[in-house]
Amino acid sequence: MEIKNLWSSRFIICLTALFICLGCKNYSSDKDDENQKKHKIMYKKAEVYLTARNSEDRLVKKETLFFEELAQPEEHTPTIILDKDKTFQSIVGIGGALTDASAETFYKLPSDKQNEIINAFFDKENGIGFSLARTNIHSCDFSSSSYTYAETPGDKDLKNFTIEHDMQFKIPFIKEALKKAGKDIKLYASPWSPPAWMKSNNDMLHGGKLLPEYNQTWANYFVKFVKEYEKIGLPVWGLTVQNEPMAVQTWESCIFTGEEERDFVKNYLGPTLHKAGLSKIKLMVWDHNRGVMYQRAKAVLDDPDAAKYVWGTAFHWYVGDHFDNVRLVHDAFPDKHLMFTEGTEAIFNADSVALWKWGEVFGKSMINDFNNWAEGWTAWNVILDETGGPNHVGNFCMAPIICDTKTGKLIYMNSFYYLGHFSKFIRPGAKRIVCSSSSDDLIGTAFLNTDGKTAVIVMNQTEKDIPFHTWIDNKIVKSTSPAHSIITMVLD
């Protein structure tokens with residue numbers, strides 16, 4: 001019996017060892033397969049698209065470059081170093097805002113110009129392929145007048161709620177855009193103010209606060225908006241809680257502290273959306289500038305009962321760059337998401353429309369926001385009229401396309417092309433990869449698209465042409481970045 005038991009024990013030990021070895025082999029094989037998948041993309045060429053000052057080049061395909069072997073990048077040659085095996089966030093989309101002002105301007109234009117605008121922004125092949133759109137929940141400053149969907153004071157049950165106002169211009173415009181963009185595009189919405197009768201100052205303008213007795217009514221208002229839009233074939237992907245909740249504006253505005261926003265989300269908006277079957281909605285807090293975004297994100301996201309309803313933090317660019325604050329929010333709350341939701345060039349001035357710096361403002365912001373973990377990027381109004389409006393409080397601004405509604409002429413600002421260097425080539429689902437510049441004069445970012453192609457954006461804000469290399473997997477392509485230019489390389 002003792003001999004039998006001894007041999008039995010040895011047999012079990014050997015059998016166990018065999019299984020462990022087989023398991024190790026399988027594990028190793030799985031790892032090898034994973035590594036093979038990572039390295040199976042071997043780039044052979046780079047298609048170069050260029051927009052440059054002092055030239056006619058506007059998002060033009062210039063050349064196709066071919067890779068050559070180079071194991072070690074050269075120290076004194078400006079080099080963009082890529083590593084596709086290190087991936088970061090996935091892209092939701094890149095686009096602009098479909099406001100009342102844009103819609104009203106659109107329908108003042110001849111039909112051929114309308115078609116041109118829709119194709120320019122939303123056609124993936126012949127335009128810049130916007131894949132993200134923001135709109136306003138009832139009026140904002142870029143509306144011809146203040147209006148709401150519930151005009152009856154004290155209508156707590158929202159019995160008189162209607163989106164009829166939007167049916168004239170905004171909804172048809174959004175439908176045109178989404179139809180051209182196809183399944184890739186996502187629509188989200190933001191309120192600038194609750195109706196006046198829900199507020200402490202009884203005014204949609206000039207700040208004021210949401211009255212506590214209307215917390216639930218205001219949460220219900222969001223639900224009604226989403227469901228009414230869904231009924232007419234406009235699915236809403238996301239919502240922000242309040243546009244610019246720290247700004248007392250001469251236009252529609254409403255003030256929330258961080259704690260007030262947290263409590264509204266935790267006790268009213270979040271539960272109401274979920275109860276209505278709208279838990280799929282991506283809810284974003286803050287929706288204001290980068291400056292104090294960490295504190296505002298922390299106020300909500302440190303509370304697990306509020307954070308469970310929140311998809312991420314939205315932000316704007318109007319008070320300084322503060323790009324590090326975007327990264328800090330990601331680092332502190334890595335399970336949440338980041339979305340740039342508004343930026344425009346400047347107060348409208350017809351004499352400065354052609355200034356090159358406006359495009360560079362967009363390029364710099366987009367590169368830095370993406371490199372600091374933003375997953376989406378939305379410019380402000382896609383189009384405006386020849387005055388930089390319409391705007392019911394005289395807050396006129398620039399837009400990527402300025403439309404002369406008297407003559408039908410369309411003026412493409414260079415910001416349109418700078419935006420296109422990102423939106424056309426970085427598609428939803430793309431993953432950011434390592435993109436390291438050895439030159440202080442060149443900034444860049446890079447994304448691996450789902451089709452295996454990599455889009456590399458390189459921007460030069462200096463007065464000099466800069467020869468540079470793009471290095472990946474021990475290979476380089478050689479190119480030159482002209483003064484004041486932006487390049488997109490599509491590696492294939």
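The values are calculated or read from the model by the stated rules, or taken from the named source; none is laboratory data. Quantities reported herein were computed from a predicted structural model and do not represent experimental measurements. Here Cβ is always computed from backbone atoms with ideal geometry, including for glycine, and neighbour counts include all displayed protein chains.
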Restrict the check to the stretch 313-324 and report whether at least one residue is over 28 Å from residue 99 (Cβ atoms) and assigned to a helix (DSSP H, G or I). yes
Which listed residue, of 121, 173, 130, is in contact with a strand residue (DSSP E or B) (Cβ under 6 Å, 6 or more places away or on another chain) and either among the hydroxyl-bearing types (Ser, Thr, Tyr) or modelled with pLDDT of 95 or more (or both): 130
Residue check, residue 334 out of contact with any Phe, Trp or Tyr (no Cβ under 8 Å at 6 or more places or on another chain), of a type outside the set (A, V, I, L, M, F, W, C), surrounded by fewer than 16 Cβ atoms within 10 Å (Cβ to Cβ) and over 26 Å from residue 456 (Cα atoms): no
Mind listing whichever residues of the stretch 139-180 are assigned to a helix (DSSP H, G or I) and exposed (fewer than 15 other Cβ atoms within 10 Å of the Cβ)? 164, 167, 172, 175, 179
The number of residues in the stretch 178-198 that are under 24 Å from residue 251 (Cβ atoms) and not hydroxyl-bearing (Ser, Thr, Tyr) is 9
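Evaluate the following for residue 229: is it among the aromatic types (Phe, Trp, Tyr), crowded, with 17+ Cβ neighbours inside 10 Å and out of contact with any Asp or Glu (no Cβ under 9 Å at 6 or more places or on another chain)?
Values: among the aromatic types (Phe, Trp, Tyr): yes; crowded, with 17+ Cβ neighbours inside 10 Å: yes; out of contact with any Asp or Glu (no Cβ under 9 Å at 6 or more places or on another chain): no.
Against the criterion (among the aromatic types (Phe, Trp, Tyr), crowded, with 17+ Cβ neighbours inside 10 Å and out of contact with any Asp or Glu (no Cβ under 9 Å at 6 or more places or on another chain)), residue 229 does not qualify.
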With the checklist (1) modelled with pLDDT under 95; (2) surrounded by fewer than 10 Cβ atoms within 10 Å (Cβ to Cβ) in hand, flag the one item residue 56 doesn't pass. (1)
Which numbered condition trips up residue 67, out of (1) under 29 Å from residue 119 (Cα atoms); (2) over 22 Å from the mean Cα position of the chain (by Cα)? (1)
Just a yes or no: is a residue in the stretch 126-137 in a loop (DSSP other than H, G, I, E, B), of a type in the set (Val, Ile, Thr), surrounded by 23 or more Cβ atoms within 10 Å (Cβ to Cβ) and not assigned by TED's automatic domain parsing to the domain that holds residue 449? yes
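Return the residue satisfying two criteria in turn: it lies in the stretch 98-115 and is closer than 15 Å to residue 399 by Cβ and surrounded by fewer than 24 Cβ atoms within 10 Å (Cβ to Cβ), and of such residues it is nearest to the chain's Cα centre (by Cα).
Taking the stretch 98-115 as the starting set, the residues that turn out to be closer than 15 Å to residue 399 by Cβ are 98-106, 108-109, 113.
This time we only want the ones that are surrounded by fewer than 24 Cβ atoms within 10 Å (Cβ to Cβ), so: 104, 108-109, 113.
Values: 104: 24, 108: 28, 109: 28, 113: 26 Å.
Ranking the candidates gives 104 first.
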Here's a check for you: in the stretch 446-469, which residue that is in contact (Cβ under 8 Å) with a residue 60 or more places away in the chain, under 12 Å from residue 431 (Cβ atoms) and under 19 Å from the mean Cα position of the chain (by Cα) is surrounded by the most Cβ atoms within 10 Å (Cβ to Cβ)? 446
Selection within the stretch 270-293 - under 18 Å from residue 255 (Cβ atoms) and in a helix (DSSP H, G or I): 293
In the stretch 402-421, which residues are in contact with a strand residue (DSSP E or B) (Cβ under 8 Å, 6 or more places away or on another chain) and surrounded by fewer than 23 Cβ atoms within 10 Å (Cβ to Cβ)? 402, 404, 405, 409, 410, 411, 412, 413
Please determine whether any residue of the stretch 354-369 is among the basic types (Lys, Arg), over 23 Å from residue 424 (Cβ atoms) and under 17 Å from the mean Cα position of the chain (by Cα). no
So which residues in the stretch 427-477 are among the small types (Gly, Ala, Ser) and outside any strand (DSSP E or B), if there are any at all? 429, 430, 438, 439, 452
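Is there a residue being assigned by TED's automatic domain parsing to the domain that holds residue 156, assigned to a helix (DSSP H, G or I), crowded, with 17+ Cβ neighbours inside 10 Å and out of contact with any helix residue (DSSP H, G or I) (no Cβ under 8 Å at 6 or more places or on another chain) anywhere in the stretch 209-223?
The answer is yes, given that some residue of the stretch 209-223 is assigned by TED's automatic domain parsing to the domain that holds residue 156, assigned to a helix (DSSP H, G or I), crowded, with 17+ Cβ neighbours inside 10 Å and out of contact with any helix residue (DSSP H, G or I) (no Cβ under 8 Å at 6 or more places or on another chain).
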